[in-house]
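The values are calculated or read from the model by the stated rules, or taken from the named source; none is laboratory data. Since the model is a prediction, treat every value here as computed from it, not as a measurement. Ideal geometry is used to build each Cβ from the backbone, glycine not excepted, and the neighbour counts take in all protein chains shown. The accessibility values were calculated without ligands, DNA or RNA, using every heavy atom of the protein model including side chains. Shrake-Rupley method; radii C 1.70, N 1.55, O 1.52, S 1.80 Å.
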Amino acid sequence: MSVRARVDDVWLGGPLWSPIPGLKNEQRFTNNNQLQALQVIQLIQMRHLRQINVEIDMTEIPLEQHIAPGGEQMTVRDLASCPPPERWHDWVEYDAKAWPRKVERHYAIIPTICFNCEAACGLMAYVDKETGRVKKFEGNPYHPGSRGRNCAKGPATINQVNDPERILYPLKRGGKRGEGKWERTTWDEVLDTFAAKIRAAIVEDRRDEVMYHVGRPGHDGYMERVLGAWGVDGHNSHTNVCSSSARFGYQIWCGMDRPSPDHANARFILLISSHLETGHYFNPQAQRIIEGKMKGAKLAVMDPRLSNTASMADYWLPTWPGSETAVLLAMARILLVENLYNHDYMRRWVNWQQYLASEHPIEPQTFNHFISILLDLYAGYTPSFAAHESGLQEKTIIDIARQIGHAGTAFAAHTWRAATAGNLGGWQVARALWFLSVLTGSIGTIGGTAPNAWNKFVPAPFLKPGPSEVWNELLYPPEYPLANYEMSILLPYFLKEGRGKLAAYFTRVYNPVWTNPDGTAWIEMLTNEQQIELHAALTPVWSETAWYADYVLPMGVGSERHDLMSQETHAARWIGFRQPVLRVYKERNGEPIEYTYQANPGEVWEEDEFWIELSWRIDPDGSLGIRKYFESPYRPGHKLAIEEYYRWIFENSVPGLPEAAAQEQLSPLEYMRTYGSFEIPVDKAPVFTLNERELKSKDLEGTRVDKLSGTIKREGAPVGVTIDGRAYEGFPTPSRKLEFYSSTLKEWGWPEYAIPSYIQSHVHRDTMNHDMGEYLLIPTFRLPTLIHTRSGNAKWLYEISNANPVWIHPVDAERIRVQTGDLIRVTTEIGYFVNRVWITEGIRPGIVACSHHLGRWRLETGQGTDRWASSLVELAKVDDGIWRMHQLEGIQPFASDDPDSSRIFWREGGVHQNLTFPVHPDPVSGMHCWHQKVTVELAHQKDAYGDVYVDTKKAHMVYQDWLGMTRPQTLRPDGLRRPLWMIRPYRPAARVFKRD
Ligand code: SF4
């Protein structure tokens, strides 16, 4: 490859120089520095370099080669072995069980996408040509995110396919809800029952009575299209037990609600908790962190627990939970005091003019004065204050702050769940972390951290429905106008208070009875037929929630369904195509398949086809305007075949795919069926510093510029920003800049939080008296080998991880007088659970921790949660508001078609702690604040492993206490329910943002 770049001094001396250290005025790139060549190309694609004299001869650049825009090499050649795609149709391996004889087995390799976490890694299914069954799953080396590497959960998909406990046919309850009397039913009966119920709700304009409540979506945009076609406001999610707090912290800064670090090219990486790498984008991110480290990056991890990630770090920072914001703001102050911040970036991109005009109107309106005010504002965040709050050493805080400052635009940072999800005001953790990225000017740079939308690609489907004309206050109640996602955990309370009811309720890969706080409130709701008239659990696996449904509908696992996914795994944009591998295999062999269930085991459906069928039955003649969205774009008036849905997207909505497919003489659909993923070419989808894209003159037609802020508006709506005389796209915020100062928070009732600041957590260390047995319980940490409550059908994963003892530091163990293996009682505000102790120095003193995956239960043997994972329990309401759970039998071997089920050696399958937690919805973000103040003591005489006790009356009082912390916005003169600019998943029409 040969590239010549000539770059003038303006660039070399300017703020954009730092992303490409060592670049000379005139540079010849060779095969050894392709990274620099690509970086130059990327920067040129950002139009902010237009004024710069650059000459590049791109004719010899093999851009289509396996090079990601961040400079990463796709590493097919680095894998020890990997079947080349030209042999995927007939790959031969020797049968390991026939050894020492050399018996050939012939496989068809069909790519799909893992469904066992959000990362959407590529898998390759090996279909044995002799048996027609999937033999195993391995990584797909041509997948841009995972590059052939998977965590344990990917290959364990084969366990889920072959699970002898899986549900193969639709089930309908016989007796009362929760009684466990299940009968096999037909899909026709299910579809007709729900179609009639939903049609009536739509026709009678009860459009807030249809709700789809999702745990793991596994797709991008499909269900939003379905619900939009129905015209209901019924999308509910699990997000406020997961990430809504972190999302809020990011959104309030930049209008996008997730971060995407370019770890591979960073010089310094700061992670707040290990949650990202042990559970969220685990494998693709972890790979790139190690790549960054191998190139010299330093890694710091704030986590009170020595996680897998912290164990790989250069700095393990076991902060007291909730104190992270204080530490981050102290680091921010050091950057300011020591002049380590990116002056020009701050001047250009922070909304300091708005801040000064609003809060300091009679003082000098200059950037330098803004900096002097910042120094005053954060003067209290000294290293000594941060050390006091967090328990870290002052010198460590100073050292890391300086390294962040020196990393400059190559500072990568990430927080997700964990600290943000544990604490009251956890959203300020994400906000304070992004502050460091702003100060270093590392937003969307090479080696920095981009907003997720810059590293993700969601292609548009054909015929997209308009927004619905209804606002569902069960999802977005007036008490939480800024909630980043739906107030999902409060649904049982709202229904109990009479705020509404549900005619049709779908839970989908979602297990709130087990996962959510106060699970007994969910049982009470689900068994109340006045509150929920009809409930179907769409799930590939039994769950505690499915037990209380009217219908249990078996849906395909990762290799038995279609989905389209894209994730911000690194600095690139790609799509991954999940596909039902046996259907594809049969079709390739000439067997006609109309519906995926014809190729799946039993009568396991895929959801895409379920929603198409259901929509046709809701609107059989098209008179409701629904059916047209589910008609073929190729065969007018005919029912949409699922293949046509994706075919249309691949042909029309993915830049570069038709061309790439044509080069291989394939159609776009055939290309995706063959390779399973596609990376959007870098020249069609740049990914760095997109805020710097300049607006063209036609973009400026009909706009006005606000003199003070430079914000460019059309009909009152911001569309760009003017900086130093040039018009840029900017960020999707009201000012189009990065909002250090949030007028939204001020206007919506939280003026004290208008700038990044520290909120003391509800579990602040001052609230704990260890001598009285009080500790902070971290109940959120993940094990890298399990999948929330969905891995009960994966025997290999349970073989690795099958207990969740309470981690206790030796100092605390001595105080409580316990040894590893002893039983303890952990008492929360509303009850207690009994579990075993694990003594370890891998946890900070004063804190105890219990993994959230384990402690699955079932009420009967033979049905209910998988026996690989669940204990048989007795669960009963024993008194007014009092629930008790007692384990009757731990996990036992059982007879089945799989001989491994008789070899189960683990007996205690964990303890269900979440039942004993009340709801703690953060009054601003709406996020459930998971951390608990608990009392830890030796188990009482009659206590047994797995015992759980809950007082639901106390739980309701705690709900009311936290509700009392909100500042409802019902009296706004403009009638707005929520700021119009803020993200709302499945967004209804702007008109219904206002109350009538
Ligand atoms: S990281 Fe997630 S998507 Fe990737 S293999 Fe593991 S479970 Fe599957």
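Brief remarks follow.
- In region 134-156, the residues that are basic (K, R), in contact (Cβ under 8 Å) with a residue 40 or more places away in the chain and open to solvent by 10 Å² or more (accessible area, probe 1.4 Å): R149
- Only one of the numbered conditions (1) open to solvent by less than 30 Å² (accessible area, probe 1.4 Å); (2) at pLDDT below 70; (3) within 30 Å of the chain's Cα centre (by Cα) is violated by D78, and that is (1).
- Pairs where the first residue, in region 416-435, is under 17 Å from Y741 (Cβ atoms) and the second is surrounded by fewer than 24 Cβ atoms within 10 Å (Cβ to Cβ) and polar (S, T, N, Q), C-beta under 8 Å, 6+ apart: Q428/S757
- Condition met for A120 (within 8 Å of the ligand (Cβ to nearest atom), closer than 19 Å to D900 by Cβ and in contact (Cβ under 8 Å) with a residue 40 or more places away in the chain): no
- Residue match in region 431-440 (condition: open to solvent by less than 10 Å² (accessible area, probe 1.4 Å) and touching an Asp or Glu at 6+ places or on another chain (Cβ under 9 Å)): yes
- When region 360-382 is filtered for residues that are open to solvent by less than 60 Å² (accessible area, probe 1.4 Å) and either touching a Ser or Thr at 6+ places or on another chain (Cβ under 9 Å) or outside any helix (DSSP H, G or I) (or both), the ones remaining, listed by number, are H360, Y378, A379, G380, Y381, T382.
- Among residues of region 666-717, those that are in contact with a Gly (Cβ under 6 Å, 6 or more places away or on another chain), closer than 30 Å to Y126 by Cα and open to solvent by 20 Å² or more (accessible area, probe 1.4 Å), counted: 1
- Identification of strands (runs of 3 or more DSSP E) wholly contained in region 531-629 with 1 or more residues that are in contact with a strand residue (DSSP E or B) (Cβ under 9 Å, 6 or more places away or on another chain) and within 16 Å of the ligand (Cβ to nearest atom) yields 563-565, 574-578.
- Selection within region 767-785 - closer than 22 Å to T545 by Cβ and open to solvent by 30 Å² or more (accessible area, probe 1.4 Å): L783
- In region 274-358, counting only helices (runs of 4 or more DSSP H) that sit wholly within it, the ones holding 1 or more residues that are within 24 Å of the chain's Cα centre (by Cα) and closer than 27 Å to G425 by Cβ span 275-279, 282-294, 308-311, 324-337.
- Yes/no for D608 being within 30 Å of I290 (Cβ to Cβ), open to solvent by less than 10 Å² (accessible area, probe 1.4 Å), touching a His at 6+ places or on another chain (Cβ under 6 Å) and not β-branched (V, I, T): no
- The residues of region 865-890 that are modelled with pLDDT under 95 and more than 19 Å from W906 (Cα to Cα), listed by number, are A876, K877, V878, D879, D880, G881.
- Applying the criterion of being small (G, A, S) and surrounded by fewer than 19 Cβ atoms within 10 Å (Cβ to Cβ) to the residues of region 745-766, the residue that is modelled with the highest pLDDT is S757.
- Residue match in region 87-103 (condition: open to solvent by less than 60 Å² (accessible area, probe 1.4 Å), assigned to a loop (DSSP other than H, G, I, E, B) and within 16 Å of the ligand (Cβ to nearest atom)): no
- Out of E829, E860, sole residue that is in contact with a Leu (Cβ under 8 Å, 6 or more places away or on another chain), assigned to a loop (DSSP other than H, G, I, E, B) and surrounded by fewer than 21 Cβ atoms within 10 Å (Cβ to Cβ): E860
- The residue pairs whose first member lies in region 216-234 and is over 24 Å from R199 (Cβ atoms), whose second member is among the aliphatic types (A, V, I, L, M) and in a helix (DSSP H, G or I), and whose beta carbons are closer than 9 Å, counting only pairs six or more residues apart or on different chains, are P217/M223.
- The set of residues in region 486-520 that are touching an Asp or Glu at 6+ places or on another chain (Cβ under 9 Å), of a type in the set (F, W, Y) and crowded, with 24+ Cβ neighbours inside 10 Å contains only Y505.
- Looking across region 786-825, the residues that are open to solvent by 20 Å² or more (accessible area, probe 1.4 Å), within 16 Å of the ligand (Cβ to nearest atom) and either assigned to a loop (DSSP other than H, G, I, E, B) or at positive phi (or both) come down to H788, R790.
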